[in-house]
Amino acid sequence: MEDVYILAVESSCDETAAAVVKNGREVLSNVIYSQIDLHTLYGGVVPEIASRKHIDKINQVVAKAIEDSKTELKDMSAIAVTYGPGLVGPLLVGVSFAKALSFASNLPIIGVHHIEGHICANYIADKELEPPFMCLVVSGGHTHLVKVADYGEYEILGRTEDDAAGEAFDKVARAIGLGYPGGPKIDKVSKTGNPEAIKFPRAKVGGSEYDFSFSGLKSAVLNYLNTASMNNEKIVTEDVAASFQQAVIDVLVGHSMEALDRYGFKKFAIAGGVASNSSLRAAFEKACEDKGVEFFLPPPILCTDNAAMIGSAAYFEYKRGIRHGLDLNAVPNLKLGER
């Protein structure tokens, strides 16, 4: 069988990334230019600044990915790019670049769903993983509990009704003075805090047993901080962070395990930026072990936004005959499963 080489581009938020992936599971290169230091100055991602930086860096990043892979553009089977969901400006930079390169090189183009990319990071991390399985995608913009029926076939069992988990991490981190990015900083300080110190709520969404809601938890943390401040009570940052993080973990693990029980899956995976949280990874590892469920998790570098996962997803689309034309456009609110 002829090998398939995918040159992939990812620019949905604040990472400019490119990768070359062979046969969906072998990463030949994975180059990521992160803008975190730049956006830390503003306490979060500024879309206009992110877009301009993508324009500035995308040529260099793609060239480096091809060079590192020890291949050439003529060796590629297709060009892949994230076309949604994400920030419209950053998405347009990647999509425009990929379409121009597709036209110039006469290579087919494949638009990839960003969440599908996160799920497919597990195929890179574990070469033996195959559908069906259940996957929790948890990041700054998304919290999705997904039934992966087959390659490219998904059913969303639960999603957030308001804030994504990663968004809640960022907002709480800002409130307790840790700054941006919130996830890694809360993960770090929580290691010296007491997760049982403060009883924060674990939300359930009425009529949607697998959906998530983190807005109330975020508000509970803010109320706790305001009340403590008004009463001149000492605020132990580590305890607030650990208690908040534990509340998020309890909900994510609880909903996921309930869904596993109902649908009878024996394989469970996590994906997305928040999936690099050490306490969350440990909690899922134990919960799956207790249930006798096989647990899959990508390394942290494949949890945060990267192009290798986009190349993996594109390979399975390529094998299914999916191609896009030069009319491909950015779709900021693209739903999983839409074409």
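The values are calculated or read from the model by the stated rules, or taken from the named source; none is laboratory data. Everything numeric in this text was worked out from a predicted model, so none of it was measured. Methodologically, a virtual Cβ is constructed for each residue, glycine included, from the backbone with ideal geometry; neighbour enumeration extends over all protein chains shown.
Summary of values
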item: Residue within region 203-210 that is farther than 19 Å from I310 by Cα and in contact with a strand residue (DSSP E or B) (Cβ under 6 Å, 6 or more places away or on another chain) present; result: yes
item: Members of region 52-65 found to be surrounded by 14 or more Cβ atoms within 10 Å (Cβ to Cβ) and within 15 Å of A98 (Cα to Cα), listed by number; result: H54, I55, K57, I58, V61, V62, A65
item: Conditions (1) within 19 Å of E317 (Cβ to Cβ); (2) in a loop (DSSP other than H, G, I, E, B): number failed by Y42; result: (1)
item: Residues of region 284-328 satisfying the condition of being surrounded by fewer than 16 Cβ atoms within 10 Å (Cβ to Cβ) and under 26 Å from N106 (Cβ atoms); result: K319, R320, G321, R323, G325, L326, D327
item: Qualifying position, being part of a strand (DSSP E or B), more than 25 Å from A173 (Cβ to Cβ) and touching a residue at least 40 places away in the same chain (Cβ under 8 Å), among A18, A65, A98; result: A18
item: When residues of region 99-152 are limited to those that are surrounded by fewer than 23 Cβ atoms within 10 Å (Cβ to Cβ) and charged (D, E, K, R), the one farthest from the chain's Cα centre (by Cα); result: K99
item: Conditions (1) under 23 Å from I79 (Cβ atoms); (2) in contact with a helix residue (DSSP H, G or I) (Cβ under 8 Å, 6 or more places away or on another chain); number of the one not met by L136; result: (1)
item: Subset of region 130-160 (residues that are assigned to a loop (DSSP other than H, G, I, E, B) and either outside the structural domain of C288 (by TED's automatic domain parsing) or at pLDDT 90 or above (or both)); result: E130, P131, P132, Y151, G152
item: Helices (runs of 4 or more DSSP H) contained in region 200-318 and holding at least 2 residues farther than 17 Å from G166 by Cα; result: 215-230, 237-263, 278-291
item: Meets criteria (within 20 Å of the chain's Cα centre (by Cα), surrounded by 19 or more Cβ atoms within 10 Å (Cβ to Cβ) and within 29 Å of H255 (Cα to Cα)) for G183; result: yes
item: Flag if I79 is part of a strand (DSSP E or B), surrounded by fewer than 21 Cβ atoms within 10 Å (Cβ to Cβ) and among the hydrophobic types (A, V, I, L, M, F, W, C); result: no
item: Some residue of region 22-37 being modelled with pLDDT of 95 or more, touching a Pro at 6+ places or on another chain (Cβ under 9 Å) and not in a helix (DSSP H, G or I); result: no
item: Test: residue in region 42-54 that is of a type outside the set (K, R), in contact with an Asp or Glu (Cβ under 9 Å, 6 or more places away or on another chain) and at pLDDT 95 or above; result: yes
item: The listed residue being closer than 15 Å to G182 by Cβ and under 17 Å from the mean Cα position of the chain (by Cα), out of L297, L252, L280; result: L280
